[in-house]
Amino acid sequence: MRKKIPLHTQIIIGLVLGLIFGLLVIKSSIPNSYTLDYIKPIGTIFINALKMIAVPLVLSSLIVGVSNLGDVSKLSRIGGKTIGIYLCTTVLAISIGLLLVNVFKPGKSLPTETRENLMTLYQGDAGSKVGLASEIKEQSPLQPVIDIVPENIFQATTDNAAMLQVVFFALIVGVALLKIQKSKADPIIAFFDGFNDVIIQIVNYIMMVAPYGVFALMASLIVEIAGENPDSAVQLLLALLKYSLVVLGGLFLMVLVIYPAILIAFTKVPYKDFFKAIRPAQLLAFTTSSSSATLPVTMKQAEEEIGVSENISSFVLPLGATVNMDGTSLYQGVAAVFIAQALGMELSLTQQLMIVLTATLASIGSAGVPGAGLIMLIIVLESIQVPAAGIALIIAPDRILDMFRTVVNVTGDVVVCTVVASTEGELPEGLIRKSNPFTANESIQEEA
């Protein structure tokens, strides 16, 4: 039988071909409308399919995960570790971002003319974000806590942005199942366990079309960035290149230095094998810019390739997709200082410490969907008295940077999940499994 191309290789091929196709479109006479009308919908369908199963997966996996812990005290212990490590990595990410942006000072080199053009070009977009952020700012300080508890769980399950409400409900159901008679709890647990397996199988089906979805997403992204004048997009990216490089430098530092160091310190997982195991999730995070949409694949890789127990992954990863945003937090720190530098404002040490605090809290409330970081960035800016309209300066490269920071968000989730599993003794001694990383997907594709 002919050997099949591994899924991660197929995704990379789709990504590269999408990039090439997008560049060909903007450099040739092919109308942009062809890509946006006939190719982009394929990517949209792919993302929608992943989002379609995100809520059912979180609901079923968390209920099963919590109920299988068998002890409420174990749940509180694991929950405490998870939240504690997530907060530590978030603060560390913001601190790295602030260190880099203060050393390289990218905002000082931004030409005045470019800054004025960007402010004019994106004033409308900035204004819409400011409006959303103003609503959040006017809310009670306890509003995030209020928002965790759903008025209607069925309504919450129809909105991926309300994922934290689904997480809350699933945790309550899981704990309740631990407290009622075992004879009554077992049928409910069995139902959700079976439902969880069904969702995982659907994930396998969706991943069969992942290379095509990635191709469509990348091709349409390139065309949309270029618009009718491809040279303007290139000039815009060049003008903000230094800022982008600082953000990317911080993100790569997290993935290539900080996360491996955490794995070495708290687990026996070889970090090369670790990154190889989660590569499909990273590639999907890159193309979808959504940690929530990537969640099904993230859980699949953590369980099947790293060997994290379902009890741990079904609790830690859904929680991470909603509250752990290392990449987004790092970006917010860099962007806030960059905007201040570009506007000629000097930030005091107190103001920069306020960035750490505000960005940490904002990351918890930030939805795991594309663009949510911009709204939370405005809250960070206003906490240090920097004009919120300054986000117009960084909107241009934001979509590209969003792709990279989502990779860091997802990677951080799996790192914390692996650490928690290791400290709980729920990681196999052999750690990375020796089976083909894409057996589950490829088995579906094999003909009888």
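Odds and ends about this structure:
- Selection within segment 34-90 - of a type in the set (A, V, I, L, M, F, W, C), at pLDDT 80 or above and under 19 Å from Leu319 (Cα atoms): Met52, Leu59, Ile63, Ile78, Ile83, Ile85, Leu87, Cys88
- Unmet requirement for Glu382, which otherwise passes all of (1) at pLDDT 80 or above; (2) surrounded by fewer than 24 Cβ atoms within 10 Å (Cβ to Cβ); (3) assigned to a helix (DSSP H, G or I): (1)
- Checking Leu347 against (1) in a helix (DSSP H, G or I); (2) at pLDDT 70 or above, the condition it does not meet: (1)
- For segment 183-199, the criterion of being modelled with pLDDT under 80 and either surrounded by fewer than 17 Cβ atoms within 10 Å (Cβ to Cβ) or out of contact with any Ser or Thr (no Cβ under 6 Å at 6 or more places or on another chain) (or both) is satisfied by no residue at all.
- The residues on offer are Tyr243, Tyr259, and the sole one that is at pLDDT below 90, crowded, with 18+ Cβ neighbours inside 10 Å and of a type outside the set (A, V, I, L, M) is Tyr243.
- Residue count for segment 156-194 satisfying the condition of being part of a helix (DSSP H, G or I) and over 22 Å from Gly320 (Cα atoms): 15.
- Within the span defined as segment 286-295, one or more residues are surrounded by fewer than 24 Cβ atoms within 10 Å (Cβ to Cβ), more than 20 Å from Leu59 (Cβ to Cβ) and at pLDDT 85 or above.
- Contact annotation: residue pairs with Cβ atoms under 7 Å, 6 or more positions apart or on different chains, pairing a residue in segment 55-66 that is in contact (Cβ under 8 Å) with a residue 60 or more places away in the chain with a partner that is acidic (Asp, Glu), are Val64/Asp193; Gly65/Glu310.
- Tally of residues being over 13 Å from Tyr212 (Cα atoms) and without any contact (Cβ under 8 Å) to a residue 40 or more places away in the chain across segment 9-24: 2
- Residue within segment 20-40 that is touching a Pro at 6+ places or on another chain (Cβ under 7 Å) and under 21 Å from Gln165 (Cβ atoms) present: no
- Candidates are the residues of segment 309-353 that are touching a residue at least 24 places away in the same chain (Cβ under 8 Å) and of a type in the set (Asp, Glu); the one that is surrounded by the fewest Cβ atoms within 10 Å (Cβ to Cβ) is Glu310.
- Thr35 passes every criterion in (1) under 18 Å from Gly213 (Cβ atoms); (2) free of Cβ contacts under 8 Å to residues at least 60 places away in the same chain; (3) among the polar types (S, T, N, Q) apart from (2).
- On the stretch given as segment 285-310, residues that are under 15 Å from Ser422 (Cα atoms) and over 16 Å from the mean Cα position of the chain (by Cα) total 7.
- For segment 262-281, a tally of residues being touching a Phe, Trp or Tyr at 6+ places or on another chain (Cβ under 8 Å), under 21 Å from Cys88 (Cα atoms) and either buried (at least 23 other Cβ atoms within 10 Å of the Cβ) or modelled with pLDDT of 90 or more (or both) returns 2.
- So Gly65, is it more than 21 Å from the chain's Cα centre (by Cα), surrounded by 15 or more Cβ atoms within 10 Å (Cβ to Cβ), over 20 Å from Ala176 (Cβ atoms) and not acidic (Asp, Glu): no
The values are calculated or read from the model by the stated rules, or taken from the named source; none is laboratory data. Remember, predicted model here, so these are calculated numbers, not experimental data. Note: ideal-geometry Cβ built from the backbone for every residue, glycine included; neighbour counts use all protein chains shown.
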